[in-house]
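Accompanying notes for the structure given below.
Quick note: the coordinates plus some simple rules give every number you see, no bench work behind them. What you are looking at is a predicted structure, and each value in this text was computed from that prediction instead of being measured. Glycine gets a Cβ as well: all are built from the backbone with ideal geometry, and neighbour counts include every protein chain shown.
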């Protein structure tokens with residue numbers, strides 16, 4: 001039994017890590033909760049195997065590197081979960097017996113996002129902190145300020161100081177648009193809006209954060225001088241100050257009213273613009289909440305009822321394989337059509353070979369398909385009891401389905417790739433589609449259908465030939481008229497003004513997205529230097545690790561890629577940073593590693609990061625003996641200050657820093673100690 005307990009602990013610890021740290025869960029909430037409950041029951045049966053570090057004794061963590069750690073004034077505990085109406089009744093009875101008095105319950109939607117705690121002083125937002133491990137979390141104030149539904153300044157009659165907690169969400173429409181964009185770039189898709197919101201909140205670039213259009217709803221108020229003695233009235237007051245509070249909240253006096261609320265929203269939630277995964281039920285009176293108190297992990301005065309994810313049982317007819325522009329091969333399950341979450345599902349992703357192996361799939365199997373909070377249908381299990389006259393076991397293919405090349409799998413990668421990038425049709429066409437896309441060369445008129453048409457008619461074989469297209473050849477093609485032909489030619493000419501950093505991105509080097517392309521362009525400044533960059537030179541660039549460095553080297557080691565680039569040069573594309581950007585790219589911080597910490601008044605953190613890169617410096621997240629100095633604002637992290645003092649790392653305030661990069665006090669750092 002000890003072995004079974006330890007195995008469960010190990011599994012749950014891994015799932016906690018996947019969920020909170022990687023924001024990439026591999027099992028559903030229901031499966032996780034079932035495993036956790038099983039472990040709790042076993043530990044109760046066999047107390048001799050108690051472990052203070054068991055998953056049952058702790059709250060998962062979403063703490064990421066690169067953010068300041070802040071202790072919560074009030075611990076952010078998790079709620080007890082249930083999927084059973086019977087357990088909701090049991091919770092009601094426990095509250096009734098515990099209070100021995102009349103009480104009200106507040107029912108509210110359980111939004112499926114990432115938890116946040118905001119602190120306000122004198123009506124101003126001063127700090128935003130993630131839940132973290134419940135005791136401390138990450139200070140994400142700069143990112144949270146980009147969310148328009150979060151007030152930076154309050155109005156009305158609010159307390160001098162208080163804390164409010166809520167959920168940061170990515171609306172369905174934004175989530176679907178983001179995944180469509182990521183799919184077009186062959187980037188890994190977000191599994192659901194919750195993971196997309198959590199990943200976005202931890203971005204180091206607030207500008208990208210702002211573009212994701214996150215939303216936020218708030219559900220709990222804390223402080224010494226709250227306006228009311230009930231939870232419901234406090235949230236109504238918060239709404240009057242400018243906070244987004246759900247209008248679905250309801251005060252219930254009986255368990256029947258609670259049950260009715262649950263039944264109603266189990267159906268109606270599908271019409272909401274954001275994801276919800278259950279109902280939270282809380283005792284309304286704050287005095288009664290205090291009387292009921294807390295367990296080690298959660299309050300006794302609240303419980304979360306979680307909706308079952310929608311599932312359907314259908315037959316697996318076959319597995320097909322899609323090849324993307326980077327050569328990544330994705331398996332897709334072809335199913336008997338089945339209704340799920342209001343849509344007809346005929347296909348479901350199988351992700352990679354590991355998933356196929358873990359499911360133990362056979363053609364003809366009856367499989368469970370789930371959507372729930374997931375926008376992408378996926379197979380979650382096989383009904384092995386229903387196996388009858390099944391076909392072959394599903395095994396991941398060894399050869400590319402398009403060109404027949406033997407697939408490869410890179411160390412540390414779950415995906416298989418076709419290495420035949422210059423002769424595999426989907427890769428050839430995919431690279432051209434990527435090259436002409438809006439964020440790359442932005443050539444109008446060359447969509448996927450037109451590129452496929454040109455490829456089939458032997459007019460396009462690689463990205464360089466886009467600039468050799470002739471109007472007479474285009475006009476004679478079906479579905480392409482004179483106007484379209486001239487638009488394509490005009491788009492090609494205009495694209496020759498596209499800056500160098502976007503050309504690096506347009507090349508479609510595996511693992512090189514927009515941000516990495518920009519870092520490469522500004523670090524090496526021209527295509528010749530990038531072509532000749534060594535492994536050590538590449539990994540010295542901020543955010544470029546071994547995988548990206550190897551991919552860049554492999555790309556430029558291919559003679560066909562070099563030939564393509566040389567042809568692009570002849571067509572007049574921008575193969576170096578513009579003079580304007582080179583002039584803006586100073587050298588006053590060459591070779592310096594700089595840590596940014598605290599809040600600033602003259603520029604944002606992201607603006608300072610850009611200034612550091614533009615002047616030859618490197619942004620680093622933690623203080624070490626190699627740190628040149630800390631660009632320190634207000635509320636600089638105490639741990640960073642302590643480490644800086646221990647290692648003798650100097651502090652520079654923002655005015656001094658701006659003087660340094662303006663070449664006014666370039667030697668200040670060497671002549672002084674603490675500069676503010």
Along its principal axes, what span do the Cα atoms of the chain show, with the longest given first and each in whole Å? 86, 81, 54
Sequence gap at least 6, Cα distance under 8 Å: using those rules, report the relative contact order of region 586-671 to the nearest whole percent. 32
The alpha-carbon center of region 445-466 and that of region 480-544 are separated, in whole Å, by 20
Starting with the fewest neighbours, write out 182, 194 ranked by other beta-carbon atoms found within 10 Å of each beta-carbon. 182, 194
Using 0.36 nm per residue of separation minus the Cα-Cα distance, give me the extension gain between residue 483 and residue 344 in nm, one decimal. 46.1 nm
Compute the Cα gyration tensor for region 311-386, then decide on rounded, prolate or oblate, letting a ≥ b ≥ c be the square roots of its eigenvalues: rounded whenever a/c is under 1.5, prolate when a/b is larger than b/c in the other cases, and oblate in all that remain. oblate
What ranking do 217, 83, 120, 111 get, fewest neighbouring Cβ atoms within 10 angstrom at the top? 83, 217, 120, 111
Could you tell me whether region 212-368 comes out rounded, prolate or oblate from its Cα gyration tensor? Rule is a ≥ b ≥ c as square roots of the eigenvalues, rounded for a/c under 1.5, then prolate if a/b exceeds b/c, otherwise oblate. prolate
So how do 558, 444 line up by other beta-carbon neighbours within 10 Å, fewest first? 558, 444
Residues residue 173 and residue 225, FRET efficiency given R0 of 56 Å [Cβ-Cβ distance, rounded to 0.05]: 0.90
Hey, what did the chain get for relative contact order, percent, Cα under 8 Å, at least 6 apart? 9
Extension gain from residue 422 to residue 208, taking 0.36 nm per residue of separation minus the Cα-Cα distance: 73.8 nm
What is region 353-451 by shape, rounded, prolate or oblate, if you read a ≥ b ≥ c off the alpha carbon gyration tensor as root eigenvalues and call it rounded for a/c under 1.5, prolate for a/b larger than b/c, and oblate otherwise? prolate
Relative contact order, percent, of region 311-386 when contacts are C-alpha pairs under 8 Å separated by at least 6 residues? 32
Over all directions, region 69-306 yields a Cα convex hull whose mean projected area in nm² is 13.0
With each pseudo-label sitting 7 Å past Cα toward Cβ, what's the residue 566-residue 602 distance in nm, one decimal? 4.9
Theoretical gain in end-to-end length, residue 534 to residue 385 [0.36 nm per residue, Cα-Cα removed]: 48.0 nm
Only helices counted: for the chain, with every DSSP H run of 4 or more residues adding -39500 (n - 2.57) and the sum spread over all residues, [θ] at 222 nm is -10500 deg cm²/dmol
